[in-house]
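What follows is a single structure, written as C-alpha cells, with notes after it.
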Amino acid sequence: MNTLKTFFFLTLLTLLLVWLGGMIGGRSGAMMAFIFALIMNMGAYWFSDKIVLRMYGAQEAGYQESPELHRIVSNLAAQAGIPRPKIYVIPVAAPNAFATGRNPSHAAVAVTEGILKILNTEELTAVLAHEIAHVQNRDILISTIAATIAGAISMLVQWAQWGAIFGGVGSDDDEGGGGNLFVVIILGIIASLAAVLIQMAISRSREYIADATGSRISGHPLELANALKKLNGAKIPMEANPSTAHMFIINPLSKGFIANLFSTHPPLEARVAELEKLAYGQK
C-alpha cells in the first residue's frame, strides 16, 4: 500500500508541475516545465550522491580504520542480495545516518561519529539495515525525484510571481496561459504548499517501508526501535540543509511544533509501534 501511495504522490507532483507550467505559459509552458523537470532529475540522478556526501564532509571509511562497520555492512548487503555500498563517516557528534546513490550498484551509506558512540552493535546493525533497505528499495532515487520536482515547482512559482509583477504573465494568450497578478501569486503559493505536503507524504511512506524491510534484513526490529529512541533523545544539534533532511534516519532539524507538522519523517511513536508489531508478530 505504501508503495502505491508513493507512486501516486510522484504522479501528483509531476502533474502539479505541468499544471503550473501551463498556468504560466499555456501548452508550451506545460511542455517546458516537464522538460525542465526531466533535466533536473537527470542531474540529480547522476550527481546527487557526490553532492550530499561532500556537503556533510563525509570521508570514506577504509577497512583498517573501521573493520566493524565493514563487517556489518557486508553481511547486511549479502543478506539483502545487493552489492556492498561504500561506507562513509561524517565527522560530527550528532548521531545520525543516511544512504545515497542512484541504484544498488552505485550506493553509499554514511554514519556520523556520534552514532558510532551511542549505539551498541545490535542497534547499529539495525540502523544500517534500515539504510540498506533504502538502497534495496531504490528509495534514494524516488526521494531524489520528489525533491527535484518539488524544487522545480518552487522555482516556477518564483518566476511566475516575478513575471506577474513585471507583466510577463499578466495577460491571457492564445494557448490558455497567463492570469492576473493576484491569481498567479495565490495559486503559486498553493502549488508550493501542495508540493511540500506531497514530498513529505512520500518521505514518510518510504521511512515506514525501510523500517519494515530493514528489520527483516537484520532480524532486529526491537533494536531498531531502541536505536530510534536513542537518536531522537540525543541533545546534540546537527547543522543540516533542509533539502536533505529527508535522507537521514532521524530528522536532523531542530524540533518544534511547526517543524514536526511539516516533518519528512513519521512520528517516532508510530515508527516504534510498527516495529514492536513486527517483533511480536502482530497484525
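The values are calculated or read from the model by the stated rules, or taken from the named source; none is laboratory data. Note that the structure is predicted; figures quoted are calculated from it, not measured. Cβ atoms come from the backbone with ideal geometry, glycine included; neighbour counts cover every protein chain shown.
Computed values, structure above
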| item | result |
| --- | --- |
| Subset of segment 69-102 (residues that are touching a Leu at 6+ places or on another chain (Cβ under 7 Å) and without any contact (Cβ under 8 Å) to a residue 60 or more places away in the chain) | 72, 73, 87, 88, 102 |
| Test: residue in segment 76-83 that is of a type in the set (A, V, I, L, M) and surrounded by fewer than 19 Cβ atoms within 10 Å (Cβ to Cβ) | yes |
| Flag for residue 168 being modelled with pLDDT under 95, surrounded by 15 or more Cβ atoms within 10 Å (Cβ to Cβ), under 18 Å from residue 17 (Cβ atoms) and touching a helix residue (DSSP H, G or I) at 6+ places or on another chain (Cβ under 9 Å) | no |
| Scope segment 46-66; condition under 20 Å from residue 114 (Cβ atoms) and of a type outside the set (Gly, Ala, Ser); matching residues | 52, 53, 54, 55, 56, 59, 60, 65 |
| Matching residues, segment 114-145, being over 11 Å from residue 249 (Cβ atoms) and under 14 Å from the mean Cα position of the chain (by Cα) | 135, 137, 138, 139, 140, 141, 142, 143, 144, 145 |
